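Accompanying notes for the structure given below.
The values are calculated or read from the model by the stated rules, or taken from the named source; none is laboratory data. What you are looking at is a predicted structure, and each value in this text was computed from that prediction instead of being measured. Please note: Cβ atoms are built from the backbone with ideal geometry, for glycine as well, and neighbour counts cover all protein chains shown.
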């Protein structure tokens, strides 16, 4: 690292620490963001009298070493620079959290870490669990802590700053250096007209009625290079308030105030309603007055918005072509790629919303709406519908909807391989208001391909014509090695054969820029033929599956390939062992003969040795899959072609059977034995995908659980499976209802659907709130609780091949909240935080549980194709391996290097960076570095809250771990605050009765014992014991351990009789399962004796 200083004009030197791989532009950005120099934005840096290029790396600057000093030199403004300077001032005046009406949702990236109760003021024996009702779940009104607020009341520095009506600058003033005119009203009252010029800012003599751009020289301080410095001289109150604002900004943790990036910003599913935020004077305002907000586009992008137009495809491909020969180049390349992909995702989401809202004119307005195509902000948009009939034979719109997601998955796969020369389009899928929109960067020259529309590789007409360019074939072959794709010979309509790697649906196009692009990557994985054949049974009472595009997941392909590879290696090893003995005897005899003869030259010996080594190595393992088998693709009818095709069909069928017969039953066994922990539908979905299981197998999982019995541990997990199926079915129903619905009826539609499913006990016949004078009755208005339940059951039967019992749609209050949360997250809903009554209440004046006004927003669901940084992950794994081998110093250095790589590659606010912080905190905890563990875990919590969600399972587990770290540091009350916070959200998601929650109960009880609150600790120990007994049974060792701990707790309370009875149960299990010589059995026996003596003594005293 380099320790540098930057000399600021008229101020002290600013000290910085930078990496040699950073650029001069990075140093400049650090200077701009520093509180001591934030008033400067238009400058360049000098070293030894020479101007430095912003793109130069520090290690390339001759003579720059640690301790060197750079010099800031004020530069002349341009139109772009002066607008950026004003935007910088506006950002500072808004404050650290920068709420924006342009955000997709309310409370974007909210964090509650700073809102937890302050443990310092809590005195013993008082603690946060005093008066805690263990039977009552937290109400929805407590979703945010009581002292949580958005911190919008920043110190006010100006009464107003707006773009003047005298803009744009007239031509005759441009020649004199004028660039921009502003109106600024200070807190003292006067309004100044200010000119932004090439040399800086000055007060002019213009008024709203008279244009006089001449400087107002009668003022003592009428000009300055910096607008902030000019306002400081003009307004003493601005100077005072701006210092307070800077202190306010710097008092907040960096991770809380950093702006997030799409799609890595979490939006809470329930938020404060606007009317609740303005009930008191001075409270948070849902929307603030800002006269210059409408001018932000002009300030950011110029009068013609030319700065906003970017060539997304060229940026993406140029960054991917950057050199990557060393660490610095790889990190810079990955960072730039992630940055441009994040910018592209944000622009794509905004464009998709504009398309759905009808604000973009289609390129083909005369065609049907399903086929409309759009270009907005240099991004190509299309809807996820089968407008051109490409999927008519395999499901139509349903298949097209799935294909868009599979195509995104394929782009992500190819991006993760990162093969030089293989170009993919920037791709984002956006679901908004019932419509799926696909956003893609534009291939250069794609709209000029009129004479020859056929691709260089693959087919655009389902195999009628097939192209197989040799260069593309070589490129596809390189990808096929990573994706386990087989070489595939197909026959077109004219009988011509072509050999491809992968599917004919994958297309290769050479753009006008000479790059080779791979498109339509939705069929990179083979068909799940076992599922198709099992569900096409004509005797089944279930409805037809919506489509035939039932593809397997890439994770399953990798798992199966590794499984078969291990089998192959094991077979080879066994065969080699069988051949070793006879071959060894023959080799000994031959060696003896040759030694006696002594006639073999040395060169011949080397050749024989090489041939023997090749023979010993044996055949290499090969397994690849043809994604076109079991599809309507013609293959050669020759004997060799038929044999090869049958072999490929057998490989794909074996892969499908591996999923159905091995992976899914193994997953069910792990779920009901709690070998894996899932507490909501989102964590269940992630688990299935990691195991290579498609979500369509939820019904199969439920069937296997039906066969496992009705034990509590089975029904608990099965209820979560039911909830996931109901949520996904309801999401599809809601998507169909919203697709063609006017925007003004969206709130009423969502509220009515929720009332029919979750509010039918409160009002058995809910009526929709229809807005407007539209005579046509919308489809959602005809829904009733019974008809909606019937629709959900039909949807589940079709999509998951399972007949859901009617009882699964009868929720209790806890399950209703959990189901409501899952649906909001799946559909992008944001509802108001309030007490929703699900049962009849006499005091309520609401006609239904949900009103239209409770639906506050619909957030677009954005999915992008960004790949993970393998180098950062490999460095982290190397660090963990070094620690496991006892190399502590090397391990810690590698882990810290991995953290730096995560931050440089992904940025600070990214889920992967948060997981790296959490893993490092756990490692430091085990190494005894408690303060480091606490600091890293707090950062992990903030990142997790802002990127995953306030009540995401990862966030909950992070709070649980922070509670342990705080307890290890002796911060008992802080530990209890973290544990209670996590428990509240856990019960909101999953209720009670989970073994992980039993562990939390044990931890809380232990901490309460340290505070000498023995009665309350007994209650937590008791609930943990009850959970273990429900899930594992009374004769399990974990249940016995819970009984043993509970007996000790009752002994501390002085109830020796009850403790003795409980300890007898523990001793019986230990003795039966573990034997008399096990340490746990011996300890339990000793406690029995002590408790017996204590009970006798208590009886005598009585």
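Points worth noting:
- Residues in the range 862-886 that are in contact (Cβ under 8 Å) with a residue 12 or more places away in the chain and part of a loop (DSSP other than H, G, I, E, B) were compared, and the one that is nearest to residue 810 (Cα to Cα) is 865.
- Those strands (runs of 3 or more DSSP E) lying entirely in the range 142-226 with at least 3 residues without any contact (Cβ under 8 Å) to a residue 12 or more places away in the chain and under 24 Å from residue 236 (Cβ atoms): none
- Residues located in the range 475-514, provided they are touching a residue at least 60 places away in the same chain (Cβ under 8 Å), assigned to a strand (DSSP E or B) and farther than 27 Å from residue 399 by Cβ: 497
The rows are residues; the columns are (1) under 24 Å from residue 1004 (Cβ atoms); (2) over 50 Å from the mean Cα position of the chain (by Cα); (3) surrounded by fewer than 19 Cβ atoms within 10 Å (Cβ to Cβ).
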| position | (1), (2), (3) |
| --- | --- |
| 1034 | yes, no, yes |
| 1053 | yes, no, yes |
| 1072 | no, no, yes |
| 1076 | no, yes, yes |
| 1081 | no, no, no |
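- When residues in the range 1041-1082 are screened for being in a helix (DSSP H, G or I), over 19 Å from residue 997 (Cβ atoms) and in contact (Cβ under 8 Å) with a residue 40 or more places away in the chain, 7 of them pass.
- Tally, over the range 344-366, of residues that are closer than 26 Å to residue 860 by Cβ and without any contact (Cβ under 8 Å) to a residue 12 or more places away in the chain: 4
- Residue in the range 922-933 that is part of a helix (DSSP H, G or I), more than 24 Å from residue 22 (Cα to Cα), in the same structural domain as residue 950 (by TED's automatic domain parsing) and within 21 Å of the chain's Cα centre (by Cα) present: no
- Only residues that are crowded, with 21+ Cβ neighbours inside 10 Å and part of a loop (DSSP other than H, G, I, E, B) were counted across the range 743-782, and they come to 4.
- Each residue in the range 357-375 was checked for being crowded, with 16+ Cβ neighbours inside 10 Å and either within 26 Å of the chain's Cα centre (by Cα) or at positive phi (or both), and 0 of them qualify.
- Filter result for residue 598 (loosely packed, with under 12 Cβ neighbours inside 10 Å, more than 24 Å from residue 393 (Cβ to Cβ) and at pLDDT below 60): yes
- A count restricted to the range 58-72 and to residues that are over 40 Å from the mean Cα position of the chain (by Cα) and free of Cβ contacts under 8 Å to residues at least 40 places away in the same chain stands at 2.
- Residue match in the range 849-861 (condition: closer than 26 Å to residue 939 by Cβ and either part of a loop (DSSP other than H, G, I, E, B) or without any contact (Cβ under 8 Å) to a residue 40 or more places away in the chain (or both)): yes
- Test result for residue 831, part of a strand (DSSP E or B), under 29 Å from residue 107 (Cα atoms) and in contact with a helix residue (DSSP H, G or I) (Cβ under 7 Å, 6 or more places away or on another chain): yes
- Residue within the range 815-824 that is within 24 Å of residue 683 (Cα to Cα) and part of a loop (DSSP other than H, G, I, E, B) present: no
- Top-ranked residue in the range 410-432 [being assigned to a helix (DSSP H, G or I) and touching a strand residue (DSSP E or B) at 6+ places or on another chain (Cβ under 9 Å); ranked as surrounded by the most Cβ atoms within 10 Å (Cβ to Cβ)]: 410
- Filter pass, residue 975 being closer than 23 Å to residue 672 by Cα, out of contact with any strand residue (DSSP E or B) (no Cβ under 6 Å at 6 or more places or on another chain) and modelled with pLDDT of 90 or more: no
- Whichever residue in the range 959-1003 is within 26 Å of the chain's Cα centre (by Cα) and outside any helix (DSSP H, G or I) and, among such residues, is surrounded by the most Cβ atoms within 10 Å (Cβ to Cβ): 994
- Within the range 317-351, considering residues that are under 16 Å from residue 438 (Cα atoms) and in contact with a helix residue (DSSP H, G or I) (Cβ under 8 Å, 6 or more places away or on another chain), the one surrounded by the fewest Cβ atoms within 10 Å (Cβ to Cβ): 347
- Verdict on residue 354 being under 24 Å from residue 828 (Cα atoms) and surrounded by fewer than 18 Cβ atoms within 10 Å (Cβ to Cβ): yes
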